[in-house]
């Protein structure tokens, strides 16, 4: 008799990112998020880090050969319905990712989280990689999810008011022909504004109140992975963003406690 498990099929999403030794961001957060949103996650590791929520003590890249092999076997064997990129570390690793994505005959939705600046302020992308990300990776994206500091770096101008952020999001959407979600967590306010601009210049603004007394380490990774999960399930960009924001909110409203500190609960 055929088992029940044999008849089950779920979408696959791939994450290409770095490892967080603390398990709250990076590959670890992505895979937990995929699982929580009923998507099978596969991964390609770009680098290993020794980090805590407050600092990155060490970061070392995997070989370009290993990264390429991880990506290609994942793409060939599992045919993911969405791909998310996170921490790419340096120009050599970024170029491998670009080359592998360009080899695809038919690309699924690609969510690019341009991991450049951590919430702690640590720089996570080496300077020579920025040009490759901007000129070669971002034009391949379906959706780009910078935090505010990253958006200002990519857009080369400051944006701190609601109207400034909307204008920056529209300009970036036009420049990269991709949807842009500028995350508002770095705003110095209790009201957080997440601004989504679509390539057709439509704007959707999501507002919420900041949750206090929780460490938000990994929130950007979690959000972009959740969006990729819903895109893998066939939802539109707008619906995927809304569902992912709702998921992240629930994950932060029911945090886990570790050593007296509260962190994102990926299985709320």
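We did not get these values from a lab; they are worked out from the coordinates using the rules stated. Just so you know, these numbers come straight off a predicted model, no measurement behind them. In this analysis, Cβ positions are derived from the backbone assuming ideal geometry, glycine residues included, and neighbour counts consider all displayed protein chains.
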Could you pull the Cα extents of segment 128-268 along its three principal axes, largest to smallest, in whole Å? 44, 34, 32
List the relative contact order of the chain as a percent without decimals, with contacts defined as Cα pairs under 8 Å and 6+ residues apart. 18
Strictly greater than 32 Å: what percent of every Cα pair in the chain meets that? 16
Pairwise centroid distance, computed over Cα atoms, of segment 44-107 with segment 135-198, Å: 23
Taking r as the C-beta separation of residue 238 and residue 259 and R0 as 51 Å, the FRET efficiency to the nearest 0.05 is 0.85
Gain on full stretching of the segment that runs from residue 131 to residue 64 - 0.36 nm per residue minus C-alpha separation: 22.3 nm
Can you give the extra length, in nm with one decimal, that the chain gains between residue 207 and residue 72 once fully stretched, where that is 0.36 nm per residue apart less the Cα-Cα distance? 44.7 nm
Run the helix sum for the chain: -39,500 (n - 2.57) per DSSP H stretch of 4+ residues, divided by residue count, reported at 222 nm to the nearest 500 deg cm²/dmol. -11500 deg cm²/dmol
R0 = 25 Å: FRET efficiency of residue 55 with residue 102, Cβ-based, nearest 0.05? 0.10
